[in-house]
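The values are calculated or read from the model by the stated rules, or taken from the named source; none is laboratory data. Note that the structure is a prediction, hence the values are computed from the model and not measured. Cβ placement follows ideal geometry from the backbone for every residue including glycine, while neighbour counts extend to all protein chains displayed.
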Amino acid sequence: MAACSAQPGLDGFDSGEVAVGDTVLSVAVASTSSQRGQGLSGLDEMPRGLDGMLFIWDAPSTTTFHMSGVGFPLDVWFFDGEGMLIGSTSMPTCPDGACTSYSTPGPVMWALETPAGDFSFAPGSRLNIEG
């Protein structure tokens, strides 16, 4: 992960650069249970200078994502313990409060949320977090 610093609108989150295939992205990093639970909740757009949020687990895990409190649609990309893209889904906003839960397609080590439609990654693309 490249140089890390806090981002406006995401107090307490570090940021850095990752690559998916040849595409380099600036991301906020959610690496604790509390950060993963908060995610992008409370935001109406991706903070300036960021392309997304990277969720990190200590070991491959299955989990669910939801859009509660997020004011803009997202795509979420799921990466296994080897860094291979194993699935993705689009998540619309849920302004009425009835939010759908989106399950990982299997155990994942990383998940990347990006604004809906901003990126298109092919299955099998590799995540590089080395910076």
**Asked** Does residue 127 qualify as being within 17 Å of residue 15 (Cβ to Cβ), of a type in the set (A, V, I, L, M) and in contact with a strand residue (DSSP E or B) (Cβ under 6 Å, 6 or more places away or on another chain)?
**Response** yes
**Request:** Identify all residues within region 22-38 that are in contact with a Leu (Cβ under 9 Å, 6 or more places away or on another chain) and touching a residue at least 40 places away in the same chain (Cβ under 8 Å); write none if there are none.
**Result:** 25, 27
**Request:** List every residue pair whose Cβ atoms sit under 7 Å apart, with the two residues 6 or more apart in sequence or on different chains, where the first one lies in region 1-21 and is loosely packed, with under 12 Cβ neighbours inside 10 Å and the second, anywhere, is at pLDDT 50 or above and assigned to a loop (DSSP other than H, G, I, E, B).
**Result:** 8/47
**Message:** Can you find, within region 51-88, the residue that is surrounded by the fewest Cβ atoms within 10 Å (Cβ to Cβ) among those that are β-branched (Val, Ile, Thr) and more than 20 Å from residue 26 (Cα to Cα)?
**Reply:** 64
**Asked** Of the residues 103, 88, which single one is in contact with a strand residue (DSSP E or B) (Cβ under 7 Å, 6 or more places away or on another chain) and more than 20 Å from residue 18 (Cα to Cα)?
**Response** 103
**Item:** Which listed residue, of 69, 97, 83, 117, is touching a strand residue (DSSP E or B) at 6+ places or on another chain (Cβ under 6 Å) and small (Gly, Ala, Ser)
**Value:** 83
**Prompt:** So which residues in region 119-129 are at pLDDT below 95 and either in contact with a helix residue (DSSP H, G or I) (Cβ under 8 Å, 6 or more places away or on another chain) or within 18 Å of residue 28 (Cβ to Cβ) (or both)?
**Reply:** 129
**Request:** Any chance you could count how many residues in region 103-127 are surrounded by fewer than 15 Cβ atoms within 10 Å (Cβ to Cβ), polar (S, T, N, Q) and farther than 19 Å from residue 39 by Cβ?
**Result:** 1
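Yes or no, residue by residue, for (1) at pLDDT below 95; (2) farther than 22 Å from residue 129 by Cβ; (3) of a type in the set (A, V, I, L, M):
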| residue | (1), (2), (3) |
| --- | --- |
| 2 | yes, no, yes |
| 16 | yes, no, no |
| 47 | yes, no, no |
| 82 | no, no, no |
| 117 | no, yes, no |
**Asked** Which of the residues belonging to region 11-25 are in a strand (DSSP E or B) and in contact with a Lys or Arg (Cβ under 9 Å, 6 or more places away or on another chain)?
**Response** 19, 20
**Request:** Give the residue that is farthest from residue 46 (Cα to Cα), with candidates limited to residues of region 18-34 that are small (Gly, Ala, Ser) and in contact with a strand residue (DSSP E or B) (Cβ under 9 Å, 6 or more places away or on another chain).
**Result:** 21
